[in-house]
1. What distance in nm lies between label points placed 7 Å from Cα along the C-beta direction at L101 and K72?
2. On average, how much accessible surface per residue is there in the chain, in Å², for a 1.4 Å probe, leaving out ligands, DNA and RNA?
3. Going through region 143-225, which GluC sites (Glu not before Pro) have at most 12 other Cβ atoms within 10 Å and a DSSP loop state?
4. Tell me which lysines have Cα within less than 18 Å of K63's Cα, excluding those fewer than 8 residues away on the same chain?
5. Tell me the net charge near P275. Cut-off is 11 Å between Cβ atoms, P275 excluded, with +1 for each Lys or Arg and -1 for each Asp or Glu.
6. Pairs K157/K291; K95/K185; K111/K149; K105/K303; K140/K200: which are spaced more than 25 Å apart, C-alpha to C-alpha?
7. One-quarter of the Cα convex hull surface for the chain, in nm²?
8. Could you compute the net charge surrounding K204? Neighbours are other residues with a C-beta less than 12 Å from the C-beta of K204; K and R count +1, D and E count -1.
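The values are calculated or read from the model by the stated rules, or taken from the named source; none is laboratory data. In this text the structure is predicted, and so the values were computed from the model without any measurement. Every residue, glycine as well, gets a Cβ built from its backbone with ideal geometry; the counts of neighbours run over all protein chains shown. For the accessible areas, the whole protein counts, side chains as well, though only heavy atoms, and no ligand, DNA or RNA atoms are used. Shrake-Rupley method; radii C 1.70, N 1.55, O 1.52, S 1.80 Å.
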Amino acid sequence: KDSSGWLGYTGQLFRAQTTYEDLFYLIDQIVINGEGRKGDLTAGSFVDLVRLKGRTFLRGRSKIEQAVDLHKLAIATRRFIESQVAALLRADQVKGLDLVLEMEKSPHIKKLNIVTLNHDTLAEQLLSEKGITFTDGFGKPDGDIRWFKDEFLEDEKVRIIKLHGSISWWQQGGNDVVQPVVITKNNPGEWRNAKGDVVKDIGKVPSFLTGVSKVYSYNRGIYADQHYRFLQLLHQESSMVMSGYGWGDVPINFQLQNWLKRKPQNSLLLLHQDPTALVEGSLELRHVYNKYVKNGKISVLEKWLSDVSLSEISH
């Protein structure tokens, strides 16, 4: 333990215990190594150590046979973690997002851009339940699904950008990404297009990013498009309300700091009941927090988003 009481850290975040993202990262190293892609110089040694420890349950007698079986096991384990995360994030009821509705209704807010690292569909469910339209890069309905077109309609007030993907996103054919018209309809085997044909070749698990190495996917496919849109917003907007972000994503931390420095008027309102714990939990935020608060770049409201009303943050 260090003086703050934390046990250790992964990347830039201190953690009190191992999380599923830490495990996913290690499993992902085994998969990457098995595919001949070296994401880490130590991956080969790590995989060989795991193979040696697991010889009693791995199939095959030779090193190569055991390595192949370990690779298959890692793929299955990675898929299991993803399916469990997706199942746990599905919700029938949406609570605590009243502030989003207030902001959408406010005539003083011309555009409401919701940028999230969460995989859940709470924002989409809430807006749909209230009959509020939004733009998210997916096109018009094609039967039961919508295809990702990277089209964000300018005439929509609400825009949703999901930097780490979503439990409602599914890869089709390895390249295209679709999501159901009814955002909570998670039975891809039954989806049909407008012609009545079954939509084939849908992935086994939703398409979202997890694990420490997820940053390597920021420049591919739908994730690259989402990050591009986020960067556009950082050049256009001068104010941000932040809630729930732990400041542990290195590329996003860099973008946020670039944005805060870019223009004098750029400022961030942080909603957090215990900002001290947040600062102590992030190496990056610990370095810059006091300076940004002192110069007015970051202001703090010591409440969770679920307890905040629009009147408290309007100025």
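1. Distance between label points: 5.2 nm.
2. 56
3. Values: sites: E151, E154, E156, E190; in loops: E154, E156.
Of the GluC sites (Glu not before Pro), the ones in loops of region 143-225 whose Cβ has at most 12 other Cβ atoms within 10 Å are E154.
4. Result set, ordered by chain and number: K53, K72.
5. -2
6. Over 25 Å Cα-Cα: K157/K291.
7. Working: hull surface 75.7 nm².
Across all orientations, the chain yields a mean hull projection of 18.9 nm².
8. Charge balance near K204 sits at 0.
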